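Asks: Take this structure first; my questions come after.
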Amino acid sequence: MAPDPVVVCLGEALIDRLGPPGGDPAVDVPVDDRLGGAPANVACGLARLGTPVAFAGRLGQDAIGEAFVSLFAERGLDTALLQRDAERPSRIVLVRRSRDGERQFQGFAGDEGAGFADQALDPVPVPQAQWLLIGTLSLAAPCSASALLAAVSQARSQGTAIALDVNWRPTFWHATADPGAGPSAAAKAEIESLLDQAALIKLAREEALWFFNTDDPGAIQQALPQRPDVVVTDGAAPVRWQLGDDSGRQSAFQPPTVVDTTGAGDAFTAGLLHRWAAPPHERIRFAAACGALVCGGAGGIDPQPTQAQVEAFLGRVS
């Protein structure tokens, strides 16, 4: 039996269909299908690092669902909260990659008219844990939004802290949206309801500006009633953080090679939660190393490091 989870990761598990560098994943070949989805990425990253973790989400009764079941078993995740859907397929996200490894989410494949399994998430009984890790994409569909909000309410009532990765992806809200667009007023209001309840918030710099008109994590902390811990990432630029009364910057580590940046932020989140008991600057440094190492391979899960690999990397860059 899997040990009781320290972290419960709730949300989407899906396929990232990576197009050829510089090409269009909808029409160009070869494409590279990789298991992904931010909550699934974080769950697998935590398990690889050695933190007991459970995944709560919904997958189709299809080959993608079976691949995730095998992956979760291999990583040792608790899957008691994993749902399967006989009517809706697992989601495929089309990911356009630039020649330098940067990526952009441009749409979906696989929908047969009933939507995707992750949109039909049923309510989830959240077990006792230190953290409930969530994103915002579940808010984009009524059924999954209801399940997410119920899970957050239950978690807070039982003393489980909420870790929120904003992870704004406009195409999940409107399939034809500009991938670089900011949130609509309606989406912003829904996401703000989660920002007001989280104990830890991770945002990209552009997300911080959209929601708070500042990228200063200290100012964001003071703008929210619960005074959460705040981490603001900015690609290859330094990470800025406010953890309790401590603040600082952490320069991004340069991986030996950059193959694909998909999942780097999720690896960062996994590293941060895994090392939460360490002093603040050590948490951020460890997390930054996790993010860098994932860029050395394709997809957000396969290249995830073990704790020993992260420590070896930090030893080399010290």
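The values are calculated or read from the model by the stated rules, or taken from the named source; none is laboratory data. Because the structure is a prediction, the values reported are computed rather than measured. Cβ atoms come from the backbone with ideal geometry, glycine included; neighbour counts cover every protein chain shown.
Asks: Looking at the structure I just gave you, is D4 charged (D, E, K, R), part of a loop (DSSP other than H, G, I, E, B) and under 22 Å from T306 (Cβ atoms)? Break it down stepwise before answering.
Replies: Values: charged (D, E, K, R): yes; part of a loop (DSSP other than H, G, I, E, B): yes; under 22 Å from T306 (Cβ atoms): yes.
Considered against the rule, which asks whether it is charged (D, E, K, R), part of a loop (DSSP other than H, G, I, E, B) and under 22 Å from T306 (Cβ atoms), D4 comes out as yes.
Asks: Can I ask one more? Against the condition crowded, with 24+ Cβ neighbours inside 10 Å, touching a residue at least 60 places away in the same chain (Cβ under 8 Å) and not aromatic (F, W, Y), how does L35 come out, does it pass?
Replies: Judged against the criteria, L35 is not a match.
Asks: Now for a separate question. Can you name the residue in the stretch 63-94 that is among the acidic types (D, E) and without any contact (Cβ under 8 Å) to a residue 60 or more places away in the chain and, of all such residues, is farthest from A147 (Cα to Cα)?
Replies: Narrowing the stretch 63-94 to residues among the acidic types (D, E): 66, 74, 78, 85, 87.
From what is left, the residues that are without any contact (Cβ under 8 Å) to a residue 60 or more places away in the chain are 66, 74, 85, 87.
Working: E66: 23, E74: 27, D85: 15, E87: 19 Å.
Looking at the filtered set, the residue picked out is E74.
Asks: Could you tell me which of the residues V27, V6, V53 is of a type in the set (V, I, T), surrounded by fewer than 24 Cβ atoms within 10 Å (Cβ to Cβ) and in contact with a Pro (Cβ under 6 Å, 6 or more places away or on another chain)?
Replies: Values: V27 fails: in contact with a Pro (Cβ under 6 Å, 6 or more places away or on another chain); V53 fails: surrounded by fewer than 24 Cβ atoms within 10 Å (Cβ to Cβ).
V6 is the lone residue from the list that is of a type in the set (V, I, T), surrounded by fewer than 24 Cβ atoms within 10 Å (Cβ to Cβ) and in contact with a Pro (Cβ under 6 Å, 6 or more places away or on another chain).
Asks: Further question on the same structure: With (1) touching a residue at least 60 places away in the same chain (Cβ under 8 Å); (2) under 20 Å from R205 (Cα atoms) as the list, and V258 as the residue in question, which single condition is left unmet?
Replies: (2)
Asks: Which is of a type in the set (K, R), surrounded by 22 or more Cβ atoms within 10 Å (Cβ to Cβ) and over 17 Å from the mean Cα position of the chain (by Cα), of R99, R88, R58, R84? Talk me through it step by step, then tell me what you get.
Replies: Values: R99 fails: surrounded by 22 or more Cβ atoms within 10 Å (Cβ to Cβ); R58 fails: over 17 Å from the mean Cα position of the chain (by Cα); R84 fails: surrounded by 22 or more Cβ atoms within 10 Å (Cβ to Cβ).
Exactly one residue qualifies, and that residue is R88.
Asks: Out of the residues in the stretch 290-309 meeting the condition of being under 14 Å from A270 (Cβ atoms) and touching a Gly at 6+ places or on another chain (Cβ under 7 Å), tell me which one is modelled with the lowest pLDDT.
Replies: By that ranking, first place goes to G300.
Asks: Right, here's the next one. Working carefully through the options A63, A67, A43, find the one that is at pLDDT 95 or above and surrounded by 24 or more Cβ atoms within 10 Å (Cβ to Cβ). Break it down into steps so the answer makes sense when it comes.
Replies: Numbers: A63 fails: surrounded by 24 or more Cβ atoms within 10 Å (Cβ to Cβ); A67 fails: surrounded by 24 or more Cβ atoms within 10 Å (Cβ to Cβ).
Checking each option against the conditions leaves just A43.
Asks: Out of P256, P228, which single residue is more than 20 Å from the chain's Cα centre (by Cα) and of a type outside the set (D, E, K, R)? Explain how you work it out, then say what you get.
Replies: On the way: P228 fails: more than 20 Å from the chain's Cα centre (by Cα).
Of the residues listed, the single one that is more than 20 Å from the chain's Cα centre (by Cα) and of a type outside the set (D, E, K, R) is P256.
Asks: Which residues, taken from the stretch 243-269, are of a type in the set (D, E), surrounded by fewer than 19 Cβ atoms within 10 Å (Cβ to Cβ) and assigned to a loop (DSSP other than H, G, I, E, B)? Steps first, answer last, please.
Replies: Our first condition is that a residue be of a type in the set (D, E); within the stretch 243-269, this holds for 245-246, 260, 266.
Those still in the list that are surrounded by fewer than 19 Cβ atoms within 10 Å (Cβ to Cβ) too: 245-246.
Listed by number, the list holds a single entry, D245.
Asks: For the stretch 277-297, give me the residue count where each residue is more than 16 Å from the chain's Cα centre (by Cα), in contact (Cβ under 8 Å) with a residue 40 or more places away in the chain and in a loop (DSSP other than H, G, I, E, B).
Replies: Matching residues across the stretch 277-297 total 1.
Asks: Still on this model: In contact with an Asp or Glu (Cβ under 6 Å, 6 or more places away or on another chain) and among the β-branched types (V, I, T): which single residue out of I92, I64, I15 fits that description?
Replies: Numbers: I92 fails: in contact with an Asp or Glu (Cβ under 6 Å, 6 or more places away or on another chain); I64 fails: in contact with an Asp or Glu (Cβ under 6 Å, 6 or more places away or on another chain).
When all the criteria are applied, what remains is I15.
Asks: For S146, work out the one condition from (1) without any contact (Cβ under 8 Å) to a residue 40 or more places away in the chain; (2) of a type in the set (S, T, N, Q); (3) closer than 25 Å to T51 by Cα it doesn't fulfil.
Replies: Tallying (1) without any contact (Cβ under 8 Å) to a residue 40 or more places away in the chain; (2) of a type in the set (S, T, N, Q); (3) closer than 25 Å to T51 by Cα, S146 fails exactly one: (3).
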